[in-house]
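Asks: Handing you this structure, nothing more for now.
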Amino acid sequence: MKPSILVTRAIFADVLERLAQYFEVDHNQADVQLDAAALKARLAGKAGVLANAADRIDQELVRDLPALRAVCNMAVGYNNLDVPALTAAGIVATNTPDVLTETTADFGWALLMAAARRVTESEHWLRAGKWQRWSYDMFLGVDLYGSTLGILGMGRIGQALARRAAGFGMTVLYHNRSRLPQEVEQSVNASYVGKDELLARADHLLLVLPYSAASHHAIGAAELARMKPSATLVNLARGGVVDDAALAEALREHRLFAAGLDVFEGEPAVHPGLLEVPNVVLTPHIASASERTRRAMAMLAADNLIAALDAGPDAGRPPSAINPEVLPRRR
Ligand code: DGY
């Protein structure tokens, strides 16, 4: 008998077909949002789950799911998973790194350019029929070319963002939990600085650090106060890395020039203060959303699940395990 799995959200049909070769698949192609109780009920008796970044899988949930052996996120971020609890229970956890790096970096630049050059603000104004004549000071923005780019969090996506800065003649500064080896710094043409210096010197600051208790409100009122009033801020990381209420206030009071946000505290809810200010570009967590990349993420999550549950050509060797130490003592 094939093991049973749950795919928590709607997904590409060919990915479901691939999973169905190995598993009894309980899917959710109607894309009904599963709350904690519904998720628990649907996971009962399942050996694996292909989860989404919004599915919280914690100690309390896994305690009641003795059959569960693999939790495979379709996301590179995995702050929705209680990894220590999964590891303690002998459950393999996986994510989808690499396949989304370049697409996400492209989108970071799209948000940055839109915010700094007031693309969406001026478009809304035009669509509202307000354009009567050209004038020299319409929608003056801030330049990217020749400016200083700050990157907070210098993993794969941070480095891909930095590489793109060469075309804009930018000075790139970064801060990270640990400094990159010198050859990597040189390859992306970025210099390490302390967080305070990064905040003070960046003309544009990109956030790509993972969310954790330690990075909660890494950018709050105090950090915003250290930034230049002419600076732009882009959050590609996770809601909660930025104090959205403090950011809305800084934008309203023009203590920060503009922001571009793809992630929000408590999303899909968005802080009402952000909806009221014109100098912020808001997108619904779509940084990795190109057809090719979302397909690659789904396929990688499926490959992880197939391997973690000992099926397919990579049986026992999921391509991107977060807790590989579990593999020798899996459930
Ligand atoms: C990721 O992969 O972490 C993206 O933010 C999508 O959730």
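The values are calculated or read from the model by the stated rules, or taken from the named source; none is laboratory data. Just so we're clear, the structure is a prediction, and the values are computed from it rather than from any experiment. Neighbour counts run over all protein chains shown; Cβ positions are idealised from the backbone, glycine included. Remember, those area values only see protein heavy atoms, side chains included, never the ligands or the DNA or RNA. Shrake-Rupley method; radii C 1.70, N 1.55, O 1.52, S 1.80 Å.
Asks: Please tell me the relative contact order of segment 101-282 in percent, rounded to the nearest whole number, where contacts are Cα pairs under 8 Å and at least six residues apart. Intermediate results must be reported in sequence, preceding the final value.
Replies: Details: 340 pairs, mean separation 39.1, N = 182.
Once normalised by length, the contact order is 21 percent.
Asks: Rg/Rh for segment 15-105: what does it come to with C-alpha atoms and Rh from Kirkwood? Present the calculation step by step, with values, prior to reporting the outcome.
Replies: Numbers: Rg = 13.4 Å, Rh = 13.9 Å.
That ratio equals 0.96.
Asks: Counting every Cα pair in segment 76-176, what percent are over 16 Å apart? Please list the in-between numbers first.
Replies: Values: 3504 of 5050 pairs.
Here the tail beyond 16 Å accounts for 69 percent of pairs.
Asks: Using +1 at the Cβ of each Lys and Arg and -1 at the Cβ of each Asp and Glu in the chain, identify which of 162, 260, 311 lies farthest towards the dipole's positive end.
Replies: Farthest towards the positive end: 311.
Asks: Shifting gears a bit: What per residue convex hull volume, in Å³, comes out for segment 161-242 when only alpha-carbon positions are used?
Replies: On the way: hull volume 7.6 nm³, N = 82.
Value for segment 161-242: 93 Å³ per residue.
Asks: Could you give the length gained by full extension between residue 124 and residue 59, i.e. 0.36 nm per residue of separation minus their alpha carbon distance, to one decimal place? Please list the in-between numbers first.
Replies: Numbers: separation 65, 0.36 × 65 = 23.40 nm, distance 4.55 nm.
Once the chain is fully extended between residue 124 and residue 59, it gains 18.9 nm.
Asks: Near the amide H of residue 311, under 5 Å away, which other amide H atoms are found, from residues 5 or more places off or on another chain, if H is placed in the peptide plane?
Replies: 316
Asks: When the Karplus curve 6.51 cos²θ - 1.76 cosθ + 1.60 is applied with θ = phi - 60°, which whole-Hz ³J(HN,Hα) does each residue of segment 65-73 get, with x for Gly and Pro?
Replies: 10, x, 7, 6, 10, 8, 10, 10, 7
Asks: Now for a different question. Give the value in nm², to one decimal: projected area of the alpha carbon convex hull of the chain, averaged over all directions.
Replies: Values: hull surface 74.7 nm².
With the hull built on Cα positions only, its mean projection is 18.7 nm².
Asks: When you count, for each residue, the other Cβ atoms within 10 Å and take the mean per peptide, how do 233-239, 4-10, 218-224, 25-31 rank with the highest first?
Replies: Values: 233-239: 26.6, 4-10: 21.4, 218-224: 18.6, 25-31: 14.0.
Output ranking for 233-239, 4-10, 218-224, 25-31: 233-239, 4-10, 218-224, 25-31.
Asks: Principal axes first, then extents: for the Cα atoms of segment 101-282, list largest minus smallest coordinate on each axis, whole Å, largest first.
Replies: Result, largest extent first: 54, 35, 29 Å.
Asks: In vacuo Debye scattering of segment 133-206, one point per C-alpha: log10 I(q)/I(0) at q = 0.15, 0.25 Å⁻¹?
Replies: -0.49, -1.12
Asks: Assign one of three labels to segment 177-331, namely rounded, prolate or oblate, based on the Cα gyration tensor with a ≥ b ≥ c the square roots of its eigenvalues; rounded applies when a/c is under 1.5, prolate when it is not and a/b is larger than b/c, and oblate otherwise. Each step should come with its number before you reach the end.
Replies: Working: a/c = 2.45, a/b = 1.73, b/c = 1.42.
In terms of gyration-tensor shape, prolate.
Asks: Rank 74, 1 by accessible area, highest first, at a 1.4 Å probe radius? Could the numbers behind the result be given before it?
Replies: Details: 74 40, 1 225 Å².
The ordering from most to least exposed comes out as 1, 74.
Asks: What FRET efficiency comes out for the pair residue 191/residue 1, r = Cβ-Cβ distance, R0 = 51 Å, nearest 0.05?
Replies: On the way: r = 57 Å, r/R0 = 1.13.
The pair residue 191/residue 1 has a calculated efficiency of 0.35.
Asks: Here's a follow-up. Report in % the part of the accessible area of the chain that belongs to carbon and sulfur, leaving out ligands and nucleic acids; probe 1.4 Å.
Replies: Working: 8170 of 15400 Å².
C and S fraction of accessible area: 53 percent.
Asks: To two decimal places, what compactness ratio does segment 214-293 give when its Cα radius of gyration is scaled by 2.2 N^0.38 Å?
Replies: Details: Rg = 12.4 Å, N = 80, 2.2 N^0.38 = 11.6 Å.
In units of the globular-protein estimate, segment 214-293 measures up at 1.06.
Asks: Here's another thing I want to ask about it. Can you run phi through the Karplus equation (6.51, -1.76, 1.60; θ = phi - 60°) for segment 315-331 and list ³J(HN,Hα) in whole Hz, with x for Gly and Pro?
Replies: 2, x, 10, x, x, 9, 7, 7, 10, x, 5, 6, 3, x, 10, 5, 3
Asks: Label-point separation (nm) for residue 29 and residue 310, each offset 7 Å from Cα along Cα-to-Cβ?
Replies: Placing both labels 7 Å along Cα→Cβ, they lie 3.1 nm apart.
Asks: Per the Kirkwood treatment, what hydrodynamic radius in Å, one decimal, follows for segment 1-55 from the mean inverse distance over all distinct Cα pairs?
Replies: Details: mean 1/r = 0.0881 Å⁻¹.
Its Kirkwood hydrodynamic radius stands at 11.4 Å.
Asks: Helix-derived [θ] at 222 nm for the chain: sum -39500 (n - 2.57) over DSSP H runs of at least 4, divide by residue count, nearest 500? Walk me through the intermediate numbers first.
Replies: On the way: 13 runs with 113 residues, N = 331.
Taken over the chain, the calculation gives -9500 deg cm²/dmol.
Asks: Averaged per residue, what accessible area in Å² does segment 101-282 show with a 1.4 Å probe, protein chains only?
Replies: On the way: 8770 Å² over 182 residues.
Per-residue accessible area for segment 101-282 comes out at 48 Å².
Asks: For residue 17 and residue 40 in the same chain, what is the full-extension length gain: residue separation times 0.36 nm, less their Cα-Cα distance, in nm? Mind dumping the intermediate values first?
Replies: On the way: separation 23, 0.36 × 23 = 8.28 nm, distance 2.40 nm.
Net length gain for the segment: 5.9 nm.
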